[in-house]
Amino acid sequence: MAIRRESEKNTDPASPTAPAPDQPSIIRGEDWYGRDLSGQRFSRHTFYDTDWTEVVNEGGIFDECTFSGVRFNVSRHASAAFTNCVFRRCTFFDTRFEQCKVVGSRFELCTFNILRVTGGDWSFAALPKADLRGAVFDGVRMRECDLTAARLEGATLVGADLSGATLRGVKLQGADLRGSDLSALDPLTTELAGAKIDLEQAAVIATALGFEVS
């Protein structure tokens, strides 16, 4: 049975005490299949085992929310914001993010299959050890993003701003990195065999290896 506990405020005008602050809300086990969340706002909500399959979300705002065991399969998010959120054991199958703001959010033990991210800002997001094989990040701002030991074999990261990103131990074999900022990449601590890069990136990597490029 779905259980929802919503926060309440003390609005009694005769009360001598100040109104009680809002408390975090918990949404557990609900079926939100195909729901339209466009334009809605959630702050400090916790979603447990909620089905977001085929959810449509244009311009929705989620701030400091926690998602645990949420299924985002085949959901579409455009111009939405997930700021300072935590995602634990969530599934992202054929999920699309377009021009979304995911700044400061953390992903833990999530699964990503056929993930596509177009534009938007994922700066300071944390995806350590994430399995992002075959994922697409096209024109995404990912400054100081934590991709420690992430698996990105065969992934597409074109035109991505990875300046200041943590890339130690990241696996990029066969990935398409053309047009991305690779200034934070240490070729001695990453796996790059077969990755596609452009001439400018080749010079950056050669310089990092101690070569003098002229």
Checklist outcome for this item: Dividing the helical contributions, -39500 (n - 2.57) per DSSP H run of n ≥ 4, by the residues of the chain yields a 222 nm value, nearest 500 deg cm²/dmol, of -1500 deg cm²/dmol
Checklist entry - Ordered by packing density, taken as the mean number of other Cβ atoms within 10 Å over each peptide's residues, highest first, how do 195-207, 60-72 rank? => result 60-72, 195-207
Checklist entry - Looking at the P(r) of the stretch 125-214, how many percent of alpha-carbon pairs lie beyond 19 Å? => result 27
Checklist entry - Using the beta-carbon distance between SER68 and ARG168 and R0 = 35 Å, what value does 1/(1 + (r/R0)^6) give for FRET efficiency, to the nearest 0.05? => result 0.80
Next on the checklist: Taking only the Cα atoms of the stretch 63-173, how large is their convex hull per residue, in Å³?
Outcome noted: 72
Item to check | Base-10 log of normalised Debye intensity for the stretch 24-109 (one unit scatterer per alpha-carbon) at q = 0.16 Å⁻¹ | outcome: -0.52
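Nearest 0.05, what FRET efficiency do SER79 and ASP198 give at R0 = 35 Å with Cβ-Cβ as r?
0.75
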Next on the checklist: Between 0 and 90 degrees, rounded to the nearest ten: what's the tilt of helix 199-208 against the longest Cα principal axis of the chain?
Outcome noted: 90
Checklist entry - Which percent of the Cα-Cα distances in the chain go past 30 Å? => result 31
Checklist entry - Separation of the stretch 139-214 and the stretch 92-123 by C-alpha centroid, Å? => result 19
Item to check | Inter-site label distance for GLU58 and SER38 at 7 Å from Cα along Cβ, in nm | outcome: 0.3
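Just so you know, all these numbers are worked out from the coordinates, no wet-lab data involved. Because the structure is a prediction, the values reported are computed rather than measured. Glycine also receives a Cβ, built like all others from the backbone with ideal geometry; neighbour counts cover every protein chain displayed.
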